[in-house]
Amino acid sequence: MTATDLVQVRYFAVARARVGVAEEWLPGALGLAGIVAAVTERTPEASATLAGCSFLVNGLRTFPTDEPLVAGAVVDVLPPFAGG
Amino acid sequence: MTQIVGVRVNAEVLDPDRFEALVRDPQAGACVTFTGVVRDHDQGRTVVGLEFEAHPDAGTILAELIAQFCADFPGLCAVTAAHRTGTLSVGEVAFVAAVSSPHRCQAFLACASLVDLVKDQLPVWKRQVYAAGDHEWVNAP
């Protein structure tokens, strides 16, 4: 793993509040599932929130798997929407 | 071809009359506007305001949702929708959707569907601020 493996993870609304940061860089080799697991392990209080979130990778809805993410990808962590 | 006008997600104040004027059309016999307003209560608690946060791409996403909506709902004259971000007080307008069509049935149905679509699919979140001083993200898992 090198620094160039990193992906940008952005947290919105309650996800940001629970995880405690707006964004961070994490290893893409973990895959989306591994990233979610790592963040959950680090911040157990965010566990239920993360379990209820959906994810975008470079703007596309993506389900968590172990498939490595491309370096530099943008991962958005989205709680259920509440507009209107 | 349905006109799509005035779509935006930002902190600008929303004037429903202005949005209804945007969808006026010589072919339209009906204009239906939905105005989503910050109310003073939720689930028995007194609410003093709402804070809306939008994904940075929300404006683009709203435009895409409406383009798809117009494809699924042919025959409308014009469609608009806009959502506010930032801190709003009770009584302020958070969301406007307006639709015009030749006949009223289409406009009523389309406007209701558009509102449901936006609430379901637009990446916007709200934090409710209570009179007691605490706050809570709405729909938070």
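Just so you know, all these numbers are worked out from the coordinates, no wet-lab data involved. Predicted model, so just to flag it, every value in this text is computed and none were measured. All Cβ positions, glycine included, derive from the backbone under ideal geometry; neighbour counts span all protein chains shown.
Okay, here's what the table says:
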| read-out | value |
| --- | --- |
| Search result, residues across region B:87-138 that are in a helix (DSSP H, G or I) and away from chain A (no Cβ under 14 Å) | B:ARG104, B:CYS105, B:GLN106, B:ALA107, B:PHE108, B:LEU109, B:ALA110 |
| Residue match in region A:26-43 (condition: outside any helix (DSSP H, G or I) and either within 14 Å of chain B (Cβ to nearest Cβ) or hydrophobic (A, V, I, L, M, F, W, C) (or both)) | yes |
| Pair list, Cβ < 8 Å and 6+ apart or interchain, from region B:100-120 residues that are within 14 Å of B:LEU62 (Cβ to Cβ) to residues that are part of a helix (DSSP H, G or I) | B:LEU114/B:ILE66; B:LEU114/B:PHE69; B:LEU117/B:LEU65; B:LEU117/B:PHE69; B:VAL118/B:LEU62; B:VAL118/B:LEU65 |
| Residue satisfying all of: in region B:69-86; assigned to a loop (DSSP other than H, G, I, E, B) and within 17 Å of B:LEU117 (Cα to Cα); nearest to the other protein chains (Cβ to nearest Cβ) among these | B:PHE73 |
| A:PHE12 being crowded, with 16+ Cβ neighbours inside 10 Å, closer than 23 Å to B:TRP125 by Cα and touching a His at 6+ places or on another chain (Cβ under 7 Å) | yes |
| Residue match in region B:20-29 (condition: under 30 Å from A:ASN58 (Cα atoms) and buried (at least 19 other Cβ atoms within 10 Å of the Cβ)) | no |
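Residues checked against (1) assigned to a loop (DSSP other than H, G, I, E, B); (2) buried (at least 16 other Cβ atoms within 10 Å of the Cβ); (3) more than 14 Å from every other protein chain (Cβ to nearest Cβ):
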position: A:SER47; (1), (2), (3): no, no, no
position: A:PHE63; (1), (2), (3): yes, no, yes
position: A:ASP76; (1), (2), (3): no, yes, no
position: A:GLY83; (1), (2), (3): yes, yes, no
